[in-house]
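Presented below is the structure to which this report refers.
The values are calculated or read from the model by the stated rules, or taken from the named source; none is laboratory data. Computed from a predicted structure; not experimentally measured. Note that we place each Cβ from the backbone using ideal geometry, even for glycine, and neighbour counts take in every protein chain shown.
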Amino acid sequence: MKGVLKSFLLSPSLYADDVAGISDECIRRHGEQEWRAVLLTNEIHGHLGIYSTIGAKMGVRAMELLRGEGIEGEISVLSYAGSVPPVSCLNDGLQVSTGASMGHGLFALSSSEETAVKAVFSASGTSLTLRLKPEYEDIIKSDITKGIALHGHSPAYWDYVRKLALSYWLDWDRSKILIFSFC
C-alpha cells in the first residue's frame, strides 16, 4: 500500500527556524525516512515533543529490523506507553512511522498496568520488541523533572521541551538508543 505523497519537501526554508537549523545534519545522520516520520508525527501531535519524537524513531527502527528479516506487509503495534502523557505521546510517533494506526485496527494499547517506552511490532508471524534503553529513559525523566522545577507547565516549559526534543532528534541514533529482541 502506498501513501499519497510522490515526494517530500526537504527544503529548510519550509520549516520553523529551529527545525530548519538541524534539518541538513539530521537528514545526513538519520536519513529521510526518519526526518519525514518525526516531522509528520510532531505536526499531528501539535507540538515538537520528546516522546512523540522517540516514538517515530522507534517505529522507523522497527520497520528497518522487520524489513531486514524479509518481512513485508502490514505491521501491527502493541504499545506499552499507556494513555497518560507524557509517555503516551510515544503512541503518535509509533502510528505515524509504521502506518499501524488505531483507525486501521493495527494499533493497540497493552492492557498491562506497566507503562513503558516499549512496543511490540508484529507481521507475518514474527514479533519484535523494542524498548528505550534505561539510560535514555533516565535522561528524559531527569530533563522533564528539571523543566517542571524551573518553569512549571508555563510556555517557557514547552519551549524547554521543544529544545530537548530537537536535541534528542538530532543527537540520538535510533540504532543505539533502543534494545530489541525478536520473539
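With respect to (1) closer than 23 Å to Gly105 by Cα; (2) in contact (Cβ under 8 Å) with a residue 60 or more places away in the chain; (3) part of a helix (DSSP H, G or I); (4) of a type outside the set (Phe, Trp, Tyr), the lone exception for Glu74 is condition (3). Look at Ser142 and say whether it is more than 15 Å from Pro85 (Cα to Cα), exposed (fewer than 15 other Cβ atoms within 10 Å of the Cβ) and at pLDDT below 95. Spelling it out, it is not the case that Ser142 is more than 15 Å from Pro85 (Cα to Cα), exposed (fewer than 15 other Cβ atoms within 10 Å of the Cβ) and at pLDDT below 95.
Of the residues in the range 128-146, at least one is among the hydroxyl-bearing types (Ser, Thr, Tyr) and in contact with a Phe, Trp or Tyr (Cβ under 9 Å, 6 or more places away or on another chain).
The requirement of being over 25 Å from Leu164 (Cα atoms) and part of a loop (DSSP other than H, G, I, E, B) is not satisfied by Gly82. Checked against (1) without any contact (Cβ under 8 Å) to a residue 24 or more places away in the chain; (2) surrounded by 14 or more Cβ atoms within 10 Å (Cβ to Cβ); (3) among the charged types (D, E, K, R), Arg131 passes all but a single condition, namely (1). Annotation: of all residues in the range 156-183 being in contact with a strand residue (DSSP E or B) (Cβ under 8 Å, 6 or more places away or on another chain) and free of Cβ contacts under 8 Å to residues at least 60 places away in the same chain, the one that is surrounded by the fewest Cβ atoms within 10 Å (Cβ to Cβ) is Ser181. Among the residues here, Leu65 does not qualify as in contact (Cβ under 8 Å) with a residue 12 or more places away in the chain, aliphatic (A, V, I, L, M), assigned to a helix (DSSP H, G or I) and more than 20 Å from Ile179 (Cα to Cα). Being surrounded by 14 or more Cβ atoms within 10 Å (Cβ to Cβ), within 30 Å of Ala156 (Cα to Cα) and not aliphatic (A, V, I, L, M) holds for only one residue in Gly31, Gly46, Gly21, and it is Gly21.
I'd like the residue in the range 49-64 that is among the hydrophobic types (A, V, I, L, M, F, W, C) and under 13 Å from Trp35 (Cβ atoms) and, out of all such residues, is surrounded by the fewest Cβ atoms within 10 Å (Cβ to Cβ). Across the range 49-64, the extreme among qualifying residues is Val60.
When Ser142, Ser154, Ser175, Ser101 are screened for being under 25 Å from His47 (Cβ atoms) and within 17 Å of the chain's Cα centre (by Cα), only Ser101 passes. Could you list all residues from the range 77-118 that are surrounded by fewer than 18 Cβ atoms within 10 Å (Cβ to Cβ), out of contact with any Phe, Trp or Tyr (no Cβ under 7 Å at 6 or more places or on another chain) and either under 25 Å from Pro134 (Cβ atoms) or polar (S, T, N, Q) (or both)? Passing the criteria: Gly82, Ser83, Val84, Pro85, Ser88, Ala108, Leu109, Ser111, Glu113. Here Ser7 fulfils each of the conditions (1) surrounded by 13 or more Cβ atoms within 10 Å (Cβ to Cβ); (2) modelled with pLDDT under 95; (3) small (Gly, Ala, Ser) apart from (1). Within the range 24-62, which residues are out of contact with any Lys or Arg (no Cβ under 9 Å at 6 or more places or on another chain) and not in a helix (DSSP H, G or I)? Once the filter is applied, which keeps residues that are out of contact with any Lys or Arg (no Cβ under 9 Å at 6 or more places or on another chain) and not in a helix (DSSP H, G or I), the range 24-62 yields only Gly46. The set of residues from the range 49-66 being of a type in the set (A, V, I, L, M, F, W, C) and within 21 Å of Asp18 (Cα to Cα) comprises Ile50, Ile54, Ala56.
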